[in-house]
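Worksheet: one structure, shown below.
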Amino acid sequence: MDIKKLQTLVVDALEDVKGQDIVVFDTMHLTSLFDRIAVVSGTSNRQTKALAASVRDKVKAGGGDVVGMEGEDTGEWVLVDLGDMIVHIMQPAIRQYYRLEEIWGEKPVKLGAAKRKSTAEAEAAEPKAKSKHLAATQEQPEVKPIRERKPAAAKRAPAATKTGATTTAAKKPAARKPAATKAPVGKTIKVAPSKTEIAAVEATKAKPPKRVTKAAAAPADAAPEKKVIRRVKKAEE
């Protein structure tokens, strides 16, 4: 089996059982026993055993060979030998203690690039089936252009009424003026004159009437009277 296809099957099998911190290293320059090494963490004995079983079953289903498995009794460190690739499934404390990444981790392999390449080759071999649930894959009917209707014009104002030669526009209702408030009408009360007022009136009545002089009687605008002096000639003796 191709090494790239093998490492893709291993990574998929580990991801199916929620393996943590999956790393793959290229070891061709370090040893001739295997070409790849994978390290993954499992949170419990049960998960490490499940991860090892998933790798074994997926590789066998893909046509690969499983040389052997070790450490299934305890579950702290399970090793799966696939011939060209070794998979180390370890619990976090064991992985931190042995630090296999420092021994084999000179050339890490990018898992995304390997997975994309293998999936691209598989997709090229098999045509894609159109999904009925996705609107993007369905054949869309021909869309006809929609004619937009123009909004109706505003209603015209009523035309002015013609009376002979003159035109009178429509009369607007006059605004009502607020009614003027009427001042309250009160009753008139007669007040009797005081004693001092009565005495003053009687004193004015008792006084004799004033004499009117000619100068006072004459109007102010009248012209002064001219006096004529006649000279009398004396008789001759």
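The values are calculated or read from the model by the stated rules, or taken from the named source; none is laboratory data. Note that the coordinates shown come from a computational prediction; the quantities given were computed from them, not determined experimentally. So basically every Cβ, Gly included, is an ideal-geometry build from the backbone, and we count neighbours across all protein chains shown. These accessible areas exclude ligands, DNA and RNA; they are computed on the full protein's heavy atoms, side chains included. Shrake-Rupley method; radii C 1.70, N 1.55, O 1.52, S 1.80 Å.
Residues checked against (1) of a type in the set (S, T, Y); (2) modelled with pLDDT under 95; (3) open to solvent by less than 80 Å² (accessible area, probe 1.4 Å); (4) part of a loop (DSSP other than H, G, I, E, B):
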site: T43; (1), (2), (3), (4): yes, yes, no, yes
site: K60; (1), (2), (3), (4): no, yes, no, no
site: G63; (1), (2), (3), (4): no, yes, yes, yes
site: V66; (1), (2), (3), (4): no, yes, yes, yes
site: M69; (1), (2), (3), (4): no, yes, yes, no
site: G75; (1), (2), (3), (4): no, yes, yes, yes
Out of all the residues in region 84-94, which are crowded, with 16+ Cβ neighbours inside 10 Å and farther than 12 Å from V39 by Cα? D84
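Working carefully through the options V11, V23, V39, find the one that is part of a helix (DSSP H, G or I) and within 52 Å of the chain's Cα centre (by Cα). Explain how you work it out, then say what you get.
Values: V23 fails: part of a helix (DSSP H, G or I); V39 fails: part of a helix (DSSP H, G or I).
Exactly one residue qualifies, and that residue is V11.
Scanning region 1-15 for residues that are out of contact with any strand residue (DSSP E or B) (no Cβ under 8 Å at 6 or more places or on another chain), in contact (Cβ under 8 Å) with a residue 24 or more places away in the chain and open to solvent by 10 Å² or more (accessible area, probe 1.4 Å), which turns out nearest to R36 (Cα to Cα)?
Kept after step one, since they are out of contact with any strand residue (DSSP E or B) (no Cβ under 8 Å at 6 or more places or on another chain), are these residues of region 1-15: 1-2, 4-5, 8-9, 12-13.
Still in the running and in contact (Cβ under 8 Å) with a residue 24 or more places away in the chain: 1, 4-5, 8-9, 12-13.
Next, only the ones that are open to solvent by 10 Å² or more (accessible area, probe 1.4 Å) stay: 1, 4-5, 8-9, 12.
Details: M1: 13, K4: 10, K5: 12, T8: 11, L9: 13, D12: 15 Å.
The selected residue is K4.
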